[in-house]
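*Asks:* To start, I am sharing the structure in question, which I have written as structure tokens.
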């Protein structure tokens, strides 16, 4: 069975790239424009991995990291944060996430990390 | 006596006359000297010839006022009627020139029939008494002519004497005050002083230059300086005290004036200092109001400043000082601004006196003095104008006492307000510049992040392409494109770091790691990317440091890439690690072009590029960033180099950061 990966990414080009890369690796990938859309469409099964793009002045992604990590059901789902904003490395979003990857990233590293988080 | 008298013979009388301590002599009717006694000889200083000299035995005679007196005018010659004793004061002169004041008693000698046959005369020497008298007169004259009040009192504190100076200072005439208690002159709250003074006097002690306050007849209190000495009688007993009181109002006024002037200068100076050193509105107005309150002895002071922001909102800054506010705050500065519109017109200073005449301003002060503080009764206000002539603030000074209020110096306060206006104008400009600089930093940060997103896609697709079977030319171009992507990435990272440093937000994330391992890792990446140079590392052990691993790696990579970049003719770069008790030092040595002393001084500044290297890529930010990072680690970075002889860049960082959190907070 294919592993399910949900990606929240507002930049369509990056979303396409990530989707292409992950599909190549035989994952079941869904891309969502933002957390609001994601929450509305989250009828299907929970993913095996959540990839979230984090913006500087946006608390949505922080909220989803926090909610998921506090919820018994979702706590075990790994979260990979990707961001153009390195921000402070002590940022709560980054601390809560299982891994942080700055943009632009190396695709090999990215895919290795995804595989690692899913294993 | 009746029984006794007949027995007194002529011999007895004669002996009495001759032995008398009083000078006496007898003349006949013509004035010729018939007899005199030893006392007369002593007084005259000579023995006149009996039967020859007339009227007087003295060498010369003078009237009491000093005019020469002829012998015929001598009182003895001017014999009065029989039975009448005349006495006159004359001055007689001895042969040696000594003059004596004498009283001349002359009485006619009568025969049995009652006819005058001569005179018997007695001279009483009053010289000593006269001298005492003139001394007294001199003293009196001195006392009377003195500007100081000279007063004597007995031990009960009753006034015994009073000079003209006392009348001038205290207003009482001698006749009004003599016999009255000295307390008449003392404010009741200071009665204790008199008790203390009397104690001192009774103990025979002086009180010198005692500064106090006394009451005048008109009820005013005046500052005086007292000197009090005990007065003794001839037997040495203390019978009272003499007081010399000097009015020191003038002196005190001068002292106050000097203090005031000093304070004014100090105020202007401190305000000047604030203006030149600080550009923070809140700080300026607080310092200014406190200094102004000190200089004008106000009980309360308000400095209110308002400015219109870009969006049209008006913001107010208020500073309050003085003893009469007790931490109360001005709740509605906007109202104060409204109240003062049009108040000043073209006047420099507006006084609200009494303050109750202006209900609105009055309520402003009442708000500040609520909770039992004394009411402000007088107010002085000075406008603060902006450069374009708009009323942009105000200084309000409140006073409880009228007297102090009236003494406030309009000119000084107006000058302060003008200086404040300049300072605030500068502060405003400074804030604008700061805001713009902040915007610039925000823009750089935002732009850099925005660039990263498309770069992610470009890099991603290029890397995907790399995995496909494409021809050799395609592979080569792909490699070039990816290399340029890395360069853009590096440039963006530098820009971001600069904006972080500018904003004071270069955060360090401390961890403990092996710096030798970090060096090996960094050198390893260069072995792959740089084919031109060989990097040689000296052998080293595990060296654990507590630092920001990523940032230290950044510095290391910067130094290594510089070493390679600026030594194109060479093929070796050396990395050396040295340790001391407290720090580790990493040296990166190249065999490149080196640099001059002047270049060394500037190498760590922003955007600095060594001349002739403009074709080399880079923004000139790498070493600047490295220096910031090492400084933030409480470390040291520098270069040793000579032109044409290569360069050694080195940095040292302590193994551990003393209280690193505290240091971090200090910089953030």
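*Asks:* Select, from B:345, B:319, the only residue that is within 24 Å of residue B:415 (Cβ to Cβ) and in a loop (DSSP other than H, G, I, E, B). Step through it out loud before you land on a result.
*Replies:* On the way: B:319 fails: in a loop (DSSP other than H, G, I, E, B).
The unique qualifying residue is B:345.
*Asks:* How about the stretch B:495-529: which of its residues are surrounded by 17 or more Cβ atoms within 10 Å (Cβ to Cβ), under 19 Å from residue B:588 (Cβ atoms) and either within 14 Å of another protein chain (Cβ to nearest Cβ) or over 60 Å from the mean Cα position of the chain (by Cα) (or both)?
*Replies:* Within the stretch B:495-529, B:516, B:518, B:519, B:522, B:523, B:526 qualify.
*Asks:* What residue, among those in the stretch B:469-482 that are more than 11 Å from chain A (Cβ to nearest Cβ) and closer than 20 Å to residue A:14 by Cα, is surrounded by the fewest Cβ atoms within 10 Å (Cβ to Cβ)?
*Replies:* From the stretch B:469-482, those more than 11 Å from chain A (Cβ to nearest Cβ) are B:469-481; that's our starting set.
Those left that are additionally closer than 20 Å to residue A:14 by Cα: B:478, B:481.
Details: B:478: 16, B:481: 14.
The extreme case among them is B:481.
*Asks:* Another question, then. Away from chain A (no Cβ under 14 Å), touching a strand residue (DSSP E or B) at 6+ places or on another chain (Cβ under 8 Å) and either within 30 Å of residue B:280 (Cβ to Cβ) or surrounded by 18 or more Cβ atoms within 10 Å (Cβ to Cβ) (or both): does that describe residue B:389? Give the steps one after another, and end with the answer.
*Replies:* On the way: away from chain A (no Cβ under 14 Å): yes; touching a strand residue (DSSP E or B) at 6+ places or on another chain (Cβ under 8 Å): no; either within 30 Å of residue B:280 (Cβ to Cβ) or surrounded by 18 or more Cβ atoms within 10 Å (Cβ to Cβ) (or both): yes.
So residue B:389 does not fit the description; no.
*Asks:* Can you find a residue in the stretch B:487-501 that is over 30 Å from residue B:434 (Cβ atoms) and either free of Cβ contacts under 8 Å to residues at least 60 places away in the same chain or part of a loop (DSSP other than H, G, I, E, B) (or both)?
*Replies:* Within the stretch B:487-501, the first condition is being over 30 Å from residue B:434 (Cβ atoms), and the residues that meet it are B:487-489.
Filter once more, keeping what is either free of Cβ contacts under 8 Å to residues at least 60 places away in the same chain or part of a loop (DSSP other than H, G, I, E, B) (or both): B:488-489.
Yes - at least one qualifying residue is present in the stretch B:487-501.
*Asks:* Oh, and also: Out of B:521, B:486, I need the residue that is at pLDDT 80 or above, touching a helix residue (DSSP H, G or I) at 6+ places or on another chain (Cβ under 8 Å) and within 26 Å of residue B:567 (Cα to Cα). Which one? Show your work before the answer.
*Replies:* Values: B:486 fails: touching a helix residue (DSSP H, G or I) at 6+ places or on another chain (Cβ under 8 Å).
Checking each option against the conditions leaves just B:521.
*Asks:* Please count how many residues of the stretch A:1-29 are over 12 Å from residue A:52 (Cα atoms), surrounded by 15 or more Cβ atoms within 10 Å (Cβ to Cβ) and away from chain B (no Cβ under 14 Å).
*Replies:* Of the residues in that region, 5 qualify.
*Asks:* Does residue B:463 meet the test of being closer than 19 Å to residue B:622 by Cβ, in a helix (DSSP H, G or I) and within 13 Å of another protein chain (Cβ to nearest Cβ)? Give the derivation first.
*Replies:* Details: closer than 19 Å to residue B:622 by Cβ: no; in a helix (DSSP H, G or I): yes; within 13 Å of another protein chain (Cβ to nearest Cβ): yes.
It is false that residue B:463 is closer than 19 Å to residue B:622 by Cβ, in a helix (DSSP H, G or I) and within 13 Å of another protein chain (Cβ to nearest Cβ).
*Asks:* Select the strands (runs of 3 or more DSSP E) contained entirely in the stretch B:194-271, then report the ones holding at least 1 residues which are without any contact (Cβ under 8 Å) to a residue 24 or more places away in the chain. Talk me through it step by step, then tell me what you get.
*Replies:* Details: elements: B:207-215, B:221-232, B:238-247.
Hits in the stretch B:194-271: B:207-215, B:221-232.
*Asks:* Quick one: residue B:598 ticks every box in (1) surrounded by fewer than 21 Cβ atoms within 10 Å (Cβ to Cβ); (2) within 52 Å of the chain's Cα centre (by Cα); (3) modelled with pLDDT of 85 or more except a single one, so which number is it?
*Replies:* That leaves (3) as the condition not met.
*Asks:* Only one of (1) within 40 Å of the chain's Cα centre (by Cα); (2) at positive phi; (3) surrounded by 12 or more Cβ atoms within 10 Å (Cβ to Cβ) fails for residue B:185. Which number is that?
*Replies:* It is condition (2) that residue B:185 fails.
*Asks:* Could you please let me know if residue B:394 is more than 14 Å from every other protein chain (Cβ to nearest Cβ), on the phi < 0 side of the Ramachandran plot, surrounded by 16 or more Cβ atoms within 10 Å (Cβ to Cβ) and assigned to a strand (DSSP E or B)? If you could, list the steps in order and put the result at the bottom.
*Replies:* Working: more than 14 Å from every other protein chain (Cβ to nearest Cβ): yes; on the phi < 0 side of the Ramachandran plot: yes; surrounded by 16 or more Cβ atoms within 10 Å (Cβ to Cβ): yes; assigned to a strand (DSSP E or B): yes.
So residue B:394 fits the description; yes.
*Asks:* Can you tell which of B:437, B:448, B:381, B:418 is crowded, with 16+ Cβ neighbours inside 10 Å and away from every other protein chain (no Cβ under 14 Å)?
*Replies:* B:381
*Asks:* Additional query: Using the structure shown, decide if residue B:361 is touching a residue at least 24 places away in the same chain (Cβ under 8 Å) and in a strand (DSSP E or B).
*Replies:* Details: touching a residue at least 24 places away in the same chain (Cβ under 8 Å): yes; in a strand (DSSP E or B): no.
So residue B:361 does not fit the description; no.
*Asks:* If you check residue B:583 against the conditions, is it surrounded by fewer than 21 Cβ atoms within 10 Å (Cβ to Cβ), within 60 Å of the chain's Cα centre (by Cα) and without any contact (Cβ under 8 Å) to a residue 40 or more places away in the chain?
*Replies:* Numbers: surrounded by fewer than 21 Cβ atoms within 10 Å (Cβ to Cβ): yes; within 60 Å of the chain's Cα centre (by Cα): yes; without any contact (Cβ under 8 Å) to a residue 40 or more places away in the chain: no.
Considered against the rule, which asks whether it is surrounded by fewer than 21 Cβ atoms within 10 Å (Cβ to Cβ), within 60 Å of the chain's Cα centre (by Cα) and without any contact (Cβ under 8 Å) to a residue 40 or more places away in the chain, residue B:583 comes out as no.
*Asks:* Now for a separate question. Looking for whichever is modelled with pLDDT of 80 or more and either out of contact with any helix residue (DSSP H, G or I) (no Cβ under 9 Å at 6 or more places or on another chain) or within 20 Å of residue B:286 (Cβ to Cβ) (or both) here; the options are B:368, B:339, B:373, B:380. Which one fits?
*Replies:* On the way: B:368 fails: modelled with pLDDT of 80 or more; B:339 fails: either out of contact with any helix residue (DSSP H, G or I) (no Cβ under 9 Å at 6 or more places or on another chain) or within 20 Å of residue B:286 (Cβ to Cβ) (or both); B:373 fails: modelled with pLDDT of 80 or more.
None of the other options fit; the residue is B:380.
*Asks:* Within the stretch B:451-460, how many residues turn out to be within 12 Å of residue B:496 (Cβ to Cβ) and either within 59 Å of the chain's Cα centre (by Cα) or facing chain A (nearest Cβ under 8 Å) (or both)? Reasoning before the result, please.
*Replies:* Looking only at the stretch B:451-460, we keep the residues that are within 12 Å of residue B:496 (Cβ to Cβ), and these are B:451-452.
Checking which are either within 59 Å of the chain's Cα centre (by Cα) or facing chain A (nearest Cβ under 8 Å) (or both) leaves us with B:452.
Summing the residues that are within 12 Å of residue B:496 (Cβ to Cβ) and either within 59 Å of the chain's Cα centre (by Cα) or facing chain A (nearest Cβ under 8 Å) (or both) in the stretch B:451-460 gives 1.
*Asks:* Taking the criterion of being under 21 Å from residue B:456 (Cβ atoms) and out of contact with any strand residue (DSSP E or B) (no Cβ under 7 Å at 6 or more places or on another chain), would at least one residue in the stretch A:39-55 satisfy it? First the steps, then the outcome.
*Replies:* Taking the stretch A:39-55 as the starting set, the residues that turn out to be under 21 Å from residue B:456 (Cβ atoms) are A:49-55.
From the residues that got through so far, the ones that are out of contact with any strand residue (DSSP E or B) (no Cβ under 7 Å at 6 or more places or on another chain) too are A:55.
Among the residues of the stretch A:39-55, at least one is under 21 Å from residue B:456 (Cβ atoms) and out of contact with any strand residue (DSSP E or B) (no Cβ under 7 Å at 6 or more places or on another chain), which makes the answer yes.
*Asks:* Yes or no: the stretch B:77-90 includes at least one residue that is crowded, with 20+ Cβ neighbours inside 10 Å and either touching a helix residue (DSSP H, G or I) at 6+ places or on another chain (Cβ under 9 Å) or outside any helix (DSSP H, G or I) (or both). Spell out the reasoning first.
*Replies:* The first filter runs over the stretch B:77-90 and keeps only residues crowded, with 20+ Cβ neighbours inside 10 Å, leaving B:79, B:90.
Filter once more, keeping what is either touching a helix residue (DSSP H, G or I) at 6+ places or on another chain (Cβ under 9 Å) or outside any helix (DSSP H, G or I) (or both): B:79, B:90.
Yes, some residue in the stretch B:77-90 is crowded, with 20+ Cβ neighbours inside 10 Å and either touching a helix residue (DSSP H, G or I) at 6+ places or on another chain (Cβ under 9 Å) or outside any helix (DSSP H, G or I) (or both).
*Asks:* Something else now. Every residue in the stretch B:292-316 that is under 26 Å from the mean Cα position of the chain (by Cα) and in a loop (DSSP other than H, G, I, E, B), please. If you could, list the steps in order and put the result at the bottom.
*Replies:* If we filter the stretch B:292-316 for residues that are under 26 Å from the mean Cα position of the chain (by Cα), which is where we start, we get B:292-303.
Within the stretch B:292-316, B:297, B:298, B:299 meet the criteria.
The values are calculated or read from the model by the stated rules, or taken from the named source; none is laboratory data. Only a predicted model underlies this, so the values are computations on that prediction, with no experimental measurement involved. No Cβ is skipped: glycine too gets one built from the backbone with ideal geometry, and neighbour counts run over all protein chains shown.
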